[in-house]
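Just so it is clear, none of the values below were taken in a lab; they were calculated from the coordinates. Computed from a predicted structure; not experimentally measured. All Cβ positions, even for glycine, are placed from backbone atoms using ideal geometry, and neighbour counts span all protein chains on display.
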2 protein chains.
Amino acid sequence: MKISGLLTSAGINIGLCVLFLSLYSVLRKQPANVRVYFGRRIAQEHNRLREAFILERFVPSTGWIVKALQCTEEEILAAAGLDAVVFNRILVFSIRIFSLAALLCVFGILPLNYFGQDIHHVRIPSESLDIFTIGNVEVRSRWLWVHCVALYIISGVACILLYLEYKHIARLRLRHLTCAMPNPSHFTVLVRGIPKATKESCSNAVDDFFTKYHASSYLFHQVVYKVGKVQKIMTGAKRAYKKFKHFTDATVDQSCKAISYRCCLCGASSNSFQLLPTGLEQNQGKSDLQDSSFKLDDQECAAAFVYFRTRYAALVASEILQTSNPMKWVTDLAPEPDDVYWSNLWLPYKQLWIRRIATLLGSIVFMFLFLIPVTFIQGLSQLEQLQQKLPFLKGILEKRYMSQLVTGYLPSVILQIFLYTVAPIMILFSTLEGPISHSERKRSACCKVLYFTVWNVFFVNVLSGTVISQLNVLSSPKDIPVQLAKAIPGQATFFITYVLTSGWASLSSEVMQLFGLIWNFLRKYILRMREDTEFVPSFPYHTEVPKVMLFGLLGFTCSVLAPLILPFLLVYFFLGYVVYRNQLLNVYRTRYDTGGLYWPIAHNTVIFSLVLTQIICLGVFGLKESPVAAGFTVPLIILTLLFNQYCRNRLLPLFKTSPAQDLIDMDREDERSGRMDEIHRRLHSAYCQFHDSEDVSLEKIQIVGRDEDQGCSSGKSNGKETCEEEPKVELSHPTLNGLPVSRLRHAVRSITFLVRLQKRGLSE
Amino acid sequence: MKISGLLTSAGINIGLCVLFLSLYSVLRKQPANVRVYFGRRIAQEHNRLREAFILERFVPSTGWIVKALQCTEEEILAAAGLDAVVFNRILVFSIRIFSLAALLCVFGILPLNYFGQDIHHVRIPSESLDIFTIGNVEVRSRWLWVHCVALYIISGVACILLYLEYKHIARLRLRHLTCAMPNPSHFTVLVRGIPKATKESCSNAVDDFFTKYHASSYLFHQVVYKVGKVQKIMTGAKRAYKKFKHFTDATVDQSCKAISYRCCLCGASSNSFQLLPTGLEQNQGKSDLQDSSFKLDDQECAAAFVYFRTRYAALVASEILQTSNPMKWVTDLAPEPDDVYWSNLWLPYKQLWIRRIATLLGSIVFMFLFLIPVTFIQGLSQLEQLQQKLPFLKGILEKRYMSQLVTGYLPSVILQIFLYTVAPIMILFSTLEGPISHSERKRSACCKVLYFTVWNVFFVNVLSGTVISQLNVLSSPKDIPVQLAKAIPGQATFFITYVLTSGWASLSSEVMQLFGLIWNFLRKYILRMREDTEFVPSFPYHTEVPKVMLFGLLGFTCSVLAPLILPFLLVYFFLGYVVYRNQLLNVYRTRYDTGGLYWPIAHNTVIFSLVLTQIICLGVFGLKESPVAAGFTVPLIILTLLFNQYCRNRLLPLFKTSPAQDLIDMDREDERSGRMDEIHRRLHSAYCQFHDSEDVSLEKIQIVGRDEDQGCSSGKSNGKETCEEEPKVELSHPTLNGLPVSRLRHAVRSITFLVRLQKRGLSE
């Protein structure tokens, strides 16, 4: 590819970018699109835009860029959470290091490469891009030390910046932990692998265990039931059928009115239960059938939220090995209420390790099956090969602009389309893995997509031209530095076009929100659906973090070898900085947050990129027969790895657990100010399993256990499993009858469902 | 090598073994050697043997074998600790699995191999050993499925046995934890990385921190001072010099009598301090100089033992991240008092990760430098090569027995001698790594020696003939199965002789205790030294565990491919079982115990051996072009790895931490029975830093802190750093003068030292 080809490609992309951004600046001012471009604002801040028709609305403007640049880190933190700040810092880090790299390499190394060999230079636009890479430097050149020094400077500055960012984010994470509003997840532990006791119910088992071993700090607990979407309907109907059979000899009261009690019975009829004998003694004597069906249900329970008196106690309970069987009574700190992935909670704990291995194998297989389209794409970029295989295209391809388009643009676009399928598949894999929170699922998918992207976009593209067709890469690890050293400068062209198409274009489409725009249009004007203020997407970290990290990897590996990529990359990062800040502030809504856990991923990727760059440079210096430069690169690799190890020791533990000191200080502060009781009270309604799929507001479901503050000890008496704030009133109510309220509700709903079915059957 | 050569080698070794064992059975009955052969008995059980001169003493007997076989696991546990039981179980596991393997392979596979090709068989003694390996089976033989089935049976049974052993040892470990006498290490946490406060002393910092954050369970603490062997003398002398200068204007009382106080002052004179102004107020006013010197000393402290009220509290404190800086206030459960490696405790915590990496690199370099003698040895076993290189030996080497000796015996002996240097070097590396306990140091050395042995004895020997000379192994991991498949059957001869020489002979020398015997003789009859009942060596797990594991690896890899090794190996394991049990019961003394931590190492090694065997078999089946057998081997590898993962999830956590449930139950039991106060009292004298290097019995040094039970709160008042059981009597003594007792002792000793130096100077 020649400079002119590159410029064509750049021209197309710059044009597209300007077009899209101008279009965006107009579209965002249209009141009809306000839900697309200001989803977060409307959902969280309840802002309204004026709807006046003025000319201003149709003139492109740059105000949004200024706004995006002006907002401070505090504002991002408040609006979009810690993860958004981490993502922002990744971009800031990239801009800083690649500004330096661009300065160093474009002014220091590019001329060296260009004049590296004593050849006749043609006009620059007709120059091949290879002239600007290290491939053009003579073997045993005495200027290779400049490359080595540049590598040292880039690696050193990158490490310093990384360390500062790591420390900054660790501090933010601590502040996020300590300064936030009292968070129920800090007081809560998710217990899985609850052993099945034959005699007592699951809830009692949890209660007994924690009363016995964590008596001083245990508050109460809440059992999580095995209810997948389908399973819920099935078991509900089954149970209802059993109950129905049981009730046949009694007269069913037909006047089923929906009476709302304070606890959990809202919306469900309860009069139908007046027929059951009241009083606990009588009930115990006669309810054999119910007991057995309930026991079956109890054995199904697989997890429970256990609430503790202090944050420190919850932390301790979550970190300690509870019993001599590490697969039973497994404790983890609970995710935040909005973050809980309910349908995974009831997965049996002992399945999880198999699931994890299976999805790992699945992702690896997927990674390698993906090679097929990628190698095909690679074929497209090699024009001669394409002409050989599809001879009828020869006429078209020989046109100048056409060939430039095909070599410079098409391969990345096709790759891009294929890559769109990756994120959903990886999310699926991560779901199957069984994470307990949405954020963990997304983070796990992020890692998978990252590995995938680095392997399939970087390595396969680098190696496919030379080696991958014979699949020999794996068989010669010693040769890999040399292979990479040969391939990288050659593939720099592809990477530059990749930055232009995949990078710039994806940013434009991100800011435009094409899918959202079309869907909004369809819904509003074709389908005429009611506006849904609730549905605002959350930021797709699992696709955007890997994307940015991949461009970082390209930047590092090409920086010293083929510095021509750096200006384009820098434009990408600047544009990304503006666009992503704008999107985080206006478009996406933060429902859950990992608390900055994306940073260790980014850190590791940057370290990987640095070490890979150094290894490739080692290979290149070896090829160029410069023992001095190669010799000086080896200690650099060791120093980078040592730096990484230091960060792992010094900062990584803060991203895995919380320091006891801060938690204890927070607990004391809350106790001193008297807020603790209020926090404990609020814990009762913090986690709610049936909350999102039901139309009734169920604030408290099956809150069972020991809460001395409120004198509620219903969890201890067998069969009584409901704990209300005013327990006496509720428990003495005849219709409750000592049965778990949620089950009553289930049964009632199933009965009404069956009655409706019967009615329908009669009417037909 | 031919069968006759093998028989020669076996004959020599059997003869040597019988000779040594008979000699042992005689020597052990001699009263002069009682310290060599019954060290543990004498030191721990205070047994005495009758010294009558009877003929019986000079007749070889087998009674000791019967005794070694008869003793139960309980007796071994009581006599030699859990590690000994683990070692015993490793041997039992090896005997079981290799009995099965020998049965299967000798009767099932050996005939198949022998008649594998339709060739003319000569007399068996003249047959080459290769005839008995899988190398003799025809390509595309229809009998290869027998090998595959045998591999399945061996792998399956090995996994089942491994699981049973793992579970058994986990149960023993739990029982060891719960049934043992109250262990001070359960109540103690070692704190490192104590931040240097400029104003307050290190001891106060520890006290403040734990009083603030672990108030409910913190008892008191004990500071560990920076005292290496040399440093101790140096700082002592320096401090004394300063004190001496300070005292010059006062008359020094020359009548320095050694008066023993109850606390720490035993053996040290204290009258010389009567000259200092008494009373705390006066002292605080004048002792600026001392204070500054003390502060300097306090800043040097790097670690502290912190004692807790319950086991559970200590566990919690050791597992939780204390502060937001993971390099400060690092807490670990303390090792047992006898196990503490004092001279490593004061290493700055932030150095440790660098030390770990440095020793890792050091061991790797050592591993590869060791290649040089090993390749030389390998050359020796190839007779033709030797004859080419050293032509003057040709005459000697052409003699039949000579050549058999050289090929069958010499290489292993030389290798053996070289291998003797490995253990001390690895122990040195492990010491430099900075472990806090003797047992951890030995376990770390065990891992290093294991990696070393497996690499240098197994891989290098297997690959040296074919590949290692070009150092190409590392460059082609895909070819390794094929390379191994080619090499293993060929190297079976070497491994058989290795079992004979290194295995059998080392057992004989182990039981004979040659070094001990000679040293005992020298000491008794030549040097005429006093008998030292205290010095009894502890069992060298770091050399014996890798040895046994290596033979296991040889057994697994050769089992299906070259089954002739199995009978020899089985004899080794039987002999080892008898010998090691005898040695554990009689010779070695258990000073410290890892609590069964050698088992995970053994487990991992066996899994590694199994997977390696399966990979090699995969290679062999591939070479023999049997797709069915090769195809069936792949799921076996996956199943083995899954089994390993299951064990890691199910059982490994028990070897890393203690379950809270058991600790809490123990705490409650102790509290109920009223033993807790007694335990807390005994904690005061549990850990003693200067205990082994001083001739005085210092039971309590610098026990500082908050102990409500005893009303001792001296740690809080600045300057007073001693806490005795009867604090008022001791602290009010004028000579103590509010200064830390250990420092007074130091100072006093240094002064007497200086006085002696002066006297010597005057007399000369």
- Query: R0 = 22 Å: FRET efficiency of B:Leu77 with B:Arg682, Cβ-based, nearest 0.05?
  - Reply: 0.40
- Can you list the residues, at least 5 places off or on another chain, whose amide H is less than 5 Å from the amide H of A:Val224, using H built in the peptide plane? A:Ala302, A:Ala303, A:Ala304, A:Phe305
- Message: If packing is taken as the average count of other Cβ atoms within 10 Å, what order do A:629-637, A:334-342 fall into, highest mean first?
- Response: A:334-342, A:629-637
- Item | FRET efficiency estimate (nearest 0.05) - Cβ-Cβ, A:Phe459 to A:Thr421, R0 22 angstrom | 0.70
- Message: With bins 10 Å wide starting at 0, give me the P(r) of the range B:618-695 over every alpha carbon pair, in whole percents.
- Response: 14, 18, 18, 16, 11, 11, 11, 1
- Message: Output wanted: per-residue J couplings in Hz (rounded whole) for the range A:198-213, from phi through Karplus 6.51 cos²θ - 1.76 cosθ + 1.60, θ = phi - 60°, x for Gly and Pro.
- Response: 6, 8, 8, 6, 4, 4, 5, 4, 4, 4, 4, 4, 6, 5, 6, 9
- Ordered by packing density, taken as the mean number of other Cβ atoms within 10 Å over each peptide's residues, highest first, how do B:198-209, A:60-71 rank? B:198-209, A:60-71
- Only loop residues by DSSP count here, and only those with at most 16 other Cβ atoms within 10 Å; note down the chymotrypsin sites (Phe, Trp or Tyr not before Pro) in the range B:512-561 that meet that. B:Phe535
- Note on the structure: A correct Karplus calculation of ³J(HN,Hα) over the range A:615-632, with 6.51 cos²θ - 1.76 cosθ + 1.60, θ = phi - 60°, whole Hz and x for Gly and Pro, returns 5, 5, 4, 4, x, 5, 4, x, 4, 7, 6, 10, x, 5, 4, 5, x, 6
- Given a Förster distance of 25 Å, the FRET efficiency implied by the Cβ-Cβ spacing of B:Asn183 and B:Lys212, rounded to the nearest 0.05, works out to 0.35
- Message: I need the semi-axes of the equivalent ellipsoid of the range B:577-650: take the C-alpha gyration tensor, multiply each eigenvalue by 5, square-root it, list largest first in whole angstrom.
- Response: 37, 17, 7
- List every residue whose amide H lies under 5 Å from the amide H of A:Ser437, counting only residues 5 or more places away in sequence or on a different chain, with H placed 1.01 Å from N in the peptide plane. A:Tyr341
- Note on the structure: Inter-copy distances for B:Ile357, label 7 Å out on the Cα-Cβ vector, sorted ascending, nm, one decimal, are 3.3
- Averaged across the residues of B:647-657, what count of C-beta atoms belonging to other chains lies within 10 Å of each residue's C-beta? 3
- Fraction of alpha-carbon pairs over 23 Å apart in the range B:54-193 - percent: 62 percent
- For the range B:65-76, Karplus couplings with θ = phi - 60° (6.51, -1.76, 1.60), whole Hz, Gly/Pro x: 5, 4, 4, 4, 6, 6, 5, 8, 4, 4, 5, 5
- Task: Place a label point 7 angstrom from the Cα of A:Leu103 along the Cα-to-Cβ direction, then list the residues of the range A:135-179 whose backbone nitrogen is under 14 Å away.
- Result: A:153-154, A:157-158
- Message: If each residue of separation counts as 0.36 nm, what is the full-extension length gain between B:Phe608 and B:Ile372 once their alpha-carbon separation is subtracted?
- Response: 82.4 nm
- Note on the structure: When A:Arg682, B:Arg668, A:Arg309, B:Arg589 are arranged by how many other beta-carbons sit within 10 Å of their Cβ, fewest first, they go A:Arg682, B:Arg668, B:Arg589, A:Arg309
- Item | Peptide B:316-323 - average C-beta neighbours from other chains (10 Å radius) | 6
- Here the whole-number average of other chain Cβ atoms within 10 Å per Cβ of B:347-356 is 2
- Query: Within the set B:Lys199/B:Lys350; B:Lys448/B:Lys547; B:Lys67/B:Lys442, which residue pairs have Cα atoms separated by over 18 Å?
  - Reply: B:Lys199/B:Lys350; B:Lys67/B:Lys442
